[in-house]
Amino acid sequence: MAELAVRCAGVNLRNPFLLASGVWGESGESLAGAWSAGAGGVITKSIGSVPRPGYPNPTIEAYERWGLLNAMGLPNPGIDEYPREIEIARRAGATVIGSIFAGDPEEFARLAVRMAATGVVALELNLSCPHAEGFGTEVGGTPENVEKVVRAVTKAVTIPVIAKITPNTGDAAGLALAAQRGGASAVSAINTLRALAIDVHLRRPVLSHGLGGLSGPAIKPVGLACVWQIFEKVTIPVIGVGGIASAQDALEYVMAGARALEVGTQVTFDGIGVFGRLATDLSRLLDELGFARLEDAVGVAHRASSVPPE
């Protein structure tokens, strides 16, 4: 069986599969549960400076097995309350990465200091939520803003900083380069795609907010393309996110350049046991293809694509 342990963004992971930031990182118990089920690390729900109730229901629409459409509105208890949830996960032995969101570089920096004090091993900056006014993509939609936010945070804390990049842009690689210039230790790509569903009987959008974000298997080709483009531009590690449901999905991301992987929507469909299954299946698949270690497969598709056919 191939070795899955990997070092990414200065963090040692027992395997590359991270619980993605989202509804499954809402409580310390759920974070600990994902870790116990075999995740290589867990990322908290995105936490802000103050509590947010989020949008009213309906906030999620499921589409068979190909994805979820959601507009939660970044509901969270705020940084004053959430550290107790992180402590529960850390007591379970979990490798915890803290996700934060804010409206400007100064608020990001203040929040980063608070989150770093909880004992998380790294920070992920939510610069990419597509449906929360004043946050996410509205803050991280341009290279200039991404660089300013990342630089403010990296000056404020000493732990690694990961910038989560939006796909709702014409140049994801440009955003990743800006994050690297700002001092990021890694970038994660992608967050959800801006999307909409309409109830034709009620004659209005399905979600109360209207626009939402699409996640799950349907967005995997978009995520792969972004990781591919980013890997060719940056020298820092890339974390692949979007539609990972099988070992083959995971290996496609790795061969495109991802060193670690985030899994979120598939937990909704398969439960937290998905982490153990993915790790076992990926190790076996790597072994079958002649790779002794996960790291040996990172970015190999780029080298293969540069070789002209005979």
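Based on the Cβ-Cβ distance from residue 292 to residue 36, what FRET efficiency comes out when R0 is 30 Å, to the nearest 0.05?
On the way: r = 28 Å, r/R0 = 0.92.
With a Förster radius of 30 Å, E is 0.65.
With springs connecting C-alpha atoms under 10 Å apart, model the chain as a Gaussian network and identify which of 91, 194, 293 has the largest mean-square fluctuation.
91
Please compute the modelled spin-label separation between residue 248 and residue 194, points set 7 Å along Cα→Cβ, answer in nm with one decimal.
Each label point is offset 7 Å from its Cα along the Cβ direction, giving 3.3 nm.
Excluding residue 278 itself, what net charge comes from residues whose Cβ is under 10 Å from its Cβ, given Lys and Arg +1 and Asp and Glu -1? Display every interim value, and only then the final one.
Working: positive: 277; negative: 249, 270, 281.
Its environment carries a net charge of -2.
Just for the Cα atoms in segment 124-208, what are the lengths along the principal axes, largest first, rounded to whole Å?
53, 23, 17
Among 166, 158, rank each residue by its count of other Cβ atoms within 10 Å, from fewest to most, as a rough exposure measure.
Working: 166 27, 158 7.
Least to most surrounded, the residues fall as 158, 166.
Suppose the chain between residue 26 and residue 91 were pulled fully straight at 0.36 nm per residue; how much longer would it get relative to their current alpha carbon spacing?
Working: separation 65, 0.36 × 65 = 23.40 nm, distance 1.64 nm.
Full-extension gain reported as 21.8 nm.
Determine one quarter of the surface area of the Cα convex hull of segment 161-310, which equals its mean projected area, and express it in nm² to one decimal.
11.8
Placing unit charges on C-beta atoms (Lys and Arg positive, Asp and Glu negative, everything else neutral), compute the dipole magnitude of segment 6-305 about its Cα centre in debye, rounded to 20. Walk me through the intermediate numbers first.
Details: 25 positive and 28 negative charges, 73 e Å.
In total the dipole reaches around 360 debye.
How much net charge surrounds residue 289 when only the other residues with a Cβ under 13 Å from the Cβ of residue 289 are counted, with Lys and Arg +1 and Asp and Glu -1?
Numbers: positive: 284, 293; negative: 252, 281, 287, 288, 296.
With Lys, Arg at +1 and Asp, Glu at -1, the net is -3.
What's the extension gain from residue 235 to residue 1 if we count 0.36 nm per residue and subtract their Cα-Cα distance?
Details: separation 234, 0.36 × 234 = 84.24 nm, distance 2.88 nm.
This chain segment gains 81.4 nm when fully extended.
State to the nearest 20 debye the size of the charge dipole of segment 227-310 about its Cα centre, where the only charges are +1 on K and R beta carbons and -1 on D and E beta carbons.
On the way: 6 positive and 11 negative charges, 41 e Å.
Roughly 200 debye, rounded to the nearest 20.
Per 0.36 nm of contour for each residue apart, how much would the distance between residue 106 and residue 304 grow if the chain were fully extended, relative to their Cα-Cα spacing?
On the way: separation 198, 0.36 × 198 = 71.28 nm, distance 4.34 nm.
Contour length minus Cα-Cα distance gives 66.9 nm.
Short version: what are the Cα gyration tensor semi-axes of segment 6-305, square root of 5 times each eigenvalue, largest first, in whole Å? Walk me through the numbers on the way to the answer.
Working: eigenvalues 129, 101, 82 Å².
Three semi-axes, in Å: 25, 23, 20.
Take every DSSP beta bridge with both residues inside the chain and express the antiparallel ones as a percent of the total, to the nearest 5. All intermediate terms of the calculation are to be shown ahead of the outcome.
Values: 16 of 44 bridges.
Restricted to the chain, the bridges split so that about 35 percent are antiparallel.
With label points built 7 Å along Cα→Cβ from the Cα atoms of residue 84 and residue 206, find their separation and express it in nm.
A separation of 3.6 nm, rounded to one decimal place.
Hey, what D do you get for segment 196-236 in µm²/s if you plug the Kirkwood alpha-carbon radius into Stokes-Einstein at 25 °C and 0.890 mPa s? Mind dumping the intermediate values first?
Working: Rh = 12.8 Å.
Here the translational diffusion coefficient equals 192 µm²/s.
Hey, got the Cα dimensions of segment 5-130 along the principal axes, in Å, largest first?
40, 38, 23
Take the Cβ-Cβ distance between residue 142 and residue 50 as r, set R0 to 22 Å, and report the resulting FRET efficiency rounded to the nearest 0.05.
Efficiency computed from Cβ-Cβ geometry: 0.30.
Quick one: go through segment 156-188 and flag any residue whose amide nitrogen is under 15 Å from the point 7 Å out along the Cα-to-Cβ line of residue 113.
Answer for segment 156-188: 156-159.
Values quoted throughout were computed directly from the atomic coordinates according to the rules given, and no laboratory measurement underlies them. As the structure is a computational prediction, the values presented were derived from the model and not from experiment. With ideal geometry, Cβ positions are generated from the backbone for all residues, glycine too; neighbour counts draw on all protein chains shown.
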